[in-house]
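Asker: I'd like to ask you about the structure that follows.
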Amino acid sequence: MPPLQIVWFKRDLRIVDHRPLLAAAERGPVLPLYIVEPELWQQPDASERQWLFCREALLELRRALANLGQPLVVRTGDVVQVLERARRQLGIDGLWSHEETGNGWTYQRDKRVGLWLRQNGIEWTEIPQFGVTRRMRTRNGWAKRWEAQMTEPLMSPPAGLPVLKGVDPGVIPERPCPELLLDHCPQRQTGGRSIGLGELRDFLQHRAPRYQRAMSSPNTAFTGCSRLSAYLTWGCLSMREVLQTSRNHSGRGVSSFESRLHWHCHFIQKLEDQPTIEFSDFHPFMRGIRHADSDRLTAWSEGRTGVPFVDACMRALQAHGWINFRMRAMLMSFASYHLWLPWQESGMHLARQFVDYEPGIHWSQCQMQSGSTSINTIRIYNPIKQGRDHDADGVFIRRWCPELADVPSDHIHEPWTFLAGHPAPIVDCTAAAREAKERIWAIRRSAGFDRHAEVIQSRHGSRKAGLNPQRTTRRRRRRLAEDASMQQLTLEL
């Protein structure tokens, strides 16, 4: 048998429009490999709900590859050790994969893999999966590059893959590691390409016309949004095929949806360019301004803050593994401003809750909703007003907070004004928001703040407003901030 081409599947669990798979198959026999990494699933942003979705996608991927001739091979362990065993037993001519903009752990792991490959004279071909540019020097022209990448022809799967005799496909384990906590998420989406395709078809054919109207309220978002985010996160569908399929349909909802695909990659690009934003504030003046409070963090994460709409949204998220973006933003804003919690701690809880957790989007948004980017408008969501705006009669609140079932609609958003002895929220929302706003603006008025903000805008800011980031006046920065505020719908996929 000639030396193998190994295709390393990570978060690209499909065979359609999988360029590494097709290119590797043109070079020789292919070993399609997925490695269950226990240490990855021990990281604080990992959860069982994410693994269960991934496992379902892996089972379908194995069947799809088996139909081509060679089923998916699954091994558990450290990637370098797994590859070393393959090199000794089978020989490796090349490693193929998609580029991954993951968390800090996967970034360091890929560096170790790259070192091992160089030491053994094995070429690693990484191909972009999203419209994200590696080692990008400037944001100028990014939108044009994205459009060029996304309009390239879709790639069909290889015609067939030779069977690798004597290679045991291995077991897709029920759990990736014993340390992963049990995580009951009864209403989460099911993983796999076929279900993702069904969601895409249903959205474009039936739900897209009401997309813009339905995306904001949690009463309508669960059935009104595309619900494709998890299938993009785990690569059951490719960004390219979703965009091109949507362009075969017309209508205002489809156009709005397409813009969010663009913002999806825009935010991942930020983490690609600056991996430290997973851990550290964009702006140095924002570092260390908040304080850990375990009691507040626990109450917020369990949906027990006493603010009905906040608690209902958190409990719905716990059950579904998804909630619409406006509610994600409100949850993060409430934790960062009203509770004054570090975004790293509240953000880590949300990361585990999201089946569609995408580090590049998630950590950029955590900082945006916490006022840490310095180039975005400060948005302190009023959680009581949000409830009245998006759940006026308290239907959503009563569903997820059954203890409030008998509270009349006039008082459902502030039940402590109706029920004698009903506990008030853990903070005074009005006073806490006012204090947070004063703190943030005091920092923004500090000497030297604008100089750092200019650097951040130049490196990460959108070019949509058509402004030169090197010559941005205070007035222009306001325009950029207003434009950037439009980005905040990106996760309502």
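The values are calculated or read from the model by the stated rules, or taken from the named source; none is laboratory data. Only a predicted model underlies this, so the values are computations on that prediction, with no experimental measurement involved. When we count neighbours, we look across all protein chains shown, and the Cβ atoms used for this are built from the backbone with ideal geometry, even at glycine. Just so you know, the surface numbers come from the protein's heavy atoms only, side chains and all, with ligands and any DNA or RNA stripped out. Shrake-Rupley method; radii C 1.70, N 1.55, O 1.52, S 1.80 Å.
Asker: Of (1) part of a loop (DSSP other than H, G, I, E, B); (2) farther than 30 Å from Arg315 by Cβ, Arg175 satisfies all except one. Which?
Answerer: (2)
Asker: Here is a further query. For segment 399-410, check the following and say yes or no: at least one residue is acidic (Asp, Glu) and in contact (Cβ under 8 Å) with a residue 12 or more places away in the chain.
Answerer: No.
Asker: Only one of (1) touching a residue at least 60 places away in the same chain (Cβ under 8 Å); (2) open to solvent by less than 30 Å² (accessible area, probe 1.4 Å); (3) closer than 26 Å to Ser226 by Cα fails for His349. Which number is that?
Answerer: (1)
Asker: Which of the residues that make up segment 111-120 are surrounded by fewer than 16 Cβ atoms within 10 Å (Cβ to Cβ) and either more than 25 Å from Gln43 (Cα to Cα) or not aliphatic (A, V, I, L, M) (or both)?
Answerer: Lys111, Arg112, Gly114, Arg118, Gln119, Asn120
Asker: Tally up the residues in segment 261-299 that are farther than 18 Å from Pro359 by Cβ, among the basic types (Lys, Arg) and crowded, with 17+ Cβ neighbours inside 10 Å, please.
Answerer: Summing the residues that are farther than 18 Å from Pro359 by Cβ, among the basic types (Lys, Arg) and crowded, with 17+ Cβ neighbours inside 10 Å in segment 261-299 gives 2.
Asker: Additional query: What number of residues in segment 76-110 are open to solvent by 40 Å² or more (accessible area, probe 1.4 Å), under 25 Å from Arg27 (Cβ atoms) and either without any contact (Cβ under 8 Å) to a residue 12 or more places away in the chain or among the small types (Gly, Ala, Ser) (or both)?
Answerer: Summing the residues that are open to solvent by 40 Å² or more (accessible area, probe 1.4 Å), under 25 Å from Arg27 (Cβ atoms) and either without any contact (Cβ under 8 Å) to a residue 12 or more places away in the chain or among the small types (Gly, Ala, Ser) (or both) in segment 76-110 gives 4.
Asker: Assuming Gly466 fulfils every condition listed in (1) modelled with pLDDT under 90; (2) on the phi < 0 side of the Ramachandran plot; (3) part of a loop (DSSP other than H, G, I, E, B); (4) open to solvent by 60 Å² or more (accessible area, probe 1.4 Å) apart from one, which condition is it?
Answerer: (2)
Asker: Condition first: over 20 Å from the mean Cα position of the chain (by Cα) and outside any helix (DSSP H, G or I). Now tell me which residues in segment 38-75 satisfy that.
Answerer: Listed by number, the residues that qualify are Gly69, Gln70, Pro71, Leu72, Val73, Val74, Arg75.
Asker: Are there helices (runs of 4 or more DSSP H) fully within segment 379-457 with at least 3 residues that are aromatic (Phe, Trp, Tyr)? List them.
Answerer: none
Asker: Could you run through segment 121-132 and say how many residues are open to solvent by 30 Å² or more (accessible area, probe 1.4 Å) and in a loop (DSSP other than H, G, I, E, B)?
Answerer: 2
Asker: Then there's this: Does segment 177-196 include one or more residues that are touching a residue at least 24 places away in the same chain (Cβ under 8 Å), open to solvent by less than 40 Å² (accessible area, probe 1.4 Å) and over 30 Å from Arg352 (Cβ atoms)?
Answerer: Within segment 177-196, not a single residue is touching a residue at least 24 places away in the same chain (Cβ under 8 Å), open to solvent by less than 40 Å² (accessible area, probe 1.4 Å) and over 30 Å from Arg352 (Cβ atoms).
Asker: Further question: Run down Arg388, Arg451, Arg439 and say which single residue is among the charged types (D, E, K, R), touching a residue at least 12 places away in the same chain (Cβ under 8 Å) and more than 25 Å from Gly303 (Cβ to Cβ).
Answerer: Arg439
Asker: Next question. Looking at Asp168, is it loosely packed, with under 11 Cβ neighbours inside 10 Å, more than 20 Å from Arg14 (Cα to Cα) and more than 29 Å from the chain's Cα centre (by Cα)?
Answerer: Criteria met by Asp168.
Asker: Which of the residues spanning segment 241-256 are surrounded by 23 or more Cβ atoms within 10 Å (Cβ to Cβ) and modelled with pLDDT of 95 or more?
Answerer: Val242
Asker: Confirm whether Lys144 is out of contact with any Asp or Glu (no Cβ under 7 Å at 6 or more places or on another chain), outside any loop (DSSP other than H, G, I, E, B) and open to solvent by 90 Å² or more (accessible area, probe 1.4 Å).
Answerer: For Lys144, the condition - out of contact with any Asp or Glu (no Cβ under 7 Å at 6 or more places or on another chain), outside any loop (DSSP other than H, G, I, E, B) and open to solvent by 90 Å² or more (accessible area, probe 1.4 Å) - is met.
Residues checked against (1) of a type in the set (S, T, N, Q); (2) part of a helix (DSSP H, G or I); (3) closer than 21 Å to Ser370 by Cβ:
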{"residue": "Asn248", "(1), (2), (3)": "yes, no, no"}
{"residue": "Val254", "(1), (2), (3)": "no, yes, no"}
{"residue": "Trp263", "(1), (2), (3)": "no, yes, yes"}
{"residue": "Ile277", "(1), (2), (3)": "no, yes, yes"}
{"residue": "Gln318", "(1), (2), (3)": "yes, yes, no"}
{"residue": "Arg326", "(1), (2), (3)": "no, yes, yes"}
{"residue": "Ala335", "(1), (2), (3)": "no, yes, yes"}
{"residue": "Trp340", "(1), (2), (3)": "no, no, yes"}
